[in-house]
Amino acid sequence: MKFTVDEFRAWKHKCVTLLGMSGVGKTYLSATLRRSDWFHYSGDYRIGTRYLDEPILDLIKARAMREPFLRELLRRDWIAIRNNIKVTDLGPVLSFIGKLGNPELGGLPLEEFSRRQSLYREAEIAAMLDLPDFVRKAQDIYSYAHLVNDVGGSLCELDEPSVIDMLAAHSLILYIRVPEADEIKLIQRAQADPKPLYYRPDFLRAAVKDYLELRELDYAAQIDPDDFTRWVFPRLFHSRVPRYEAIARPYGYTVSSEDVARVRDEADFLALIESAIARSGEG
């Protein structure tokens, strides 16, 4: 949605979608707003508890069945396994996505990695399309006045126009841009603790090809999973920036991660959005 400042102030039930790379402050803002009258809709939490719940459990059970003691307990229905995903701890989702590379180093074969990537993409699309229902639930069931949509950093990778159209129709899209001076810091943090990531299929194919040539390897199964994740992150980061901007320019507003870091409460957040609207020429 696009607004003037006055229209935004008068919007009775606000819904804001936070767009940007992991680490720019989306979850920080969401946690801050939870202390006020805002419902926190986490896309990855919805993915893990609804759309990937069964595949994650299947993976865990398959691993457990390799252990004779657990195998017997599972086959006799003497134990039950469930996910314990939290908004602040999405470990099971990340574990399911996994990392590409040598299985002896905890990696996944290319075919299996690509299969999980595809499942995650489908789940993220479905979770985003659930937003209108959660806007209603937040008000009708939980009595929250407003909703903040904390989306995954890979939203710009989905290549699914219906998702962006829906988000633009039901929310104000706020893109959190990383200033050039802070790009290195964000990349260094991601490389220090490499986490599973979603990649567009064409991006992944090109990255694997280049990595194998650079490291003089013959097969994806020879890849060191953490080394590949560290190596690919700067490339992924810079490929996503124009994609974020292509969403924000026509559909939303842009602020910097520096601005976000200065937000301390709901009033600061609303002022941040109003300043972004005013800068865009809408106010």
All but one of (1) assigned to a helix (DSSP H, G or I); (2) in contact with a Lys or Arg (Cβ under 7 Å, 6 or more places away or on another chain) hold for ILE81; which doesn't?
(1)
In the range 100-152, residue nearest to LEU90 (Cα to Cα) [restricted to those that are polar (S, T, N, Q) and assigned to a helix (DSSP H, G or I)]:
GLN117
Scanning the range 153-182 for residues that are over 20 Å from MET1 (Cβ atoms), charged (D, E, K, R), free of Cβ contacts under 8 Å to residues at least 60 places away in the same chain and in a helix (DSSP H, G or I) gives GLU180
With the range 1-75 as the region, which helices (runs of 4 or more DSSP H) entirely inside it contain at least 3 residues that are charged (D, E, K, R)?
5-10, 53-64, 68-75
Matching option when the condition is in a helix (DSSP H, G or I) and at pLDDT 95 or above, among LEU212, LEU186:
LEU212
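Conditions (1) among the hydroxyl-bearing types (Ser, Thr, Tyr); (2) within 26 Å of the chain's Cα centre (by Cα); (3) within 16 Å of PRO196 (Cβ to Cβ), marked per residue:
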| site | (1), (2), (3) |
| --- | --- |
| ARG76 | no, no, no |
| SER95 | yes, yes, yes |
| LEU100 | no, yes, yes |
| LEU110 | no, yes, yes |
With respect to PHE233, determine if the residue is touching a helix residue (DSSP H, G or I) at 6+ places or on another chain (Cβ under 7 Å), in a helix (DSSP H, G or I) and within 23 Å of LEU105 (Cα to Cα).
yes
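The values are calculated or read from the model by the stated rules, or taken from the named source; none is laboratory data. The structure displayed is predicted, hence computed values, not measured ones. Cβ atoms come from the backbone with ideal geometry, glycine included; neighbour counts cover every protein chain shown.
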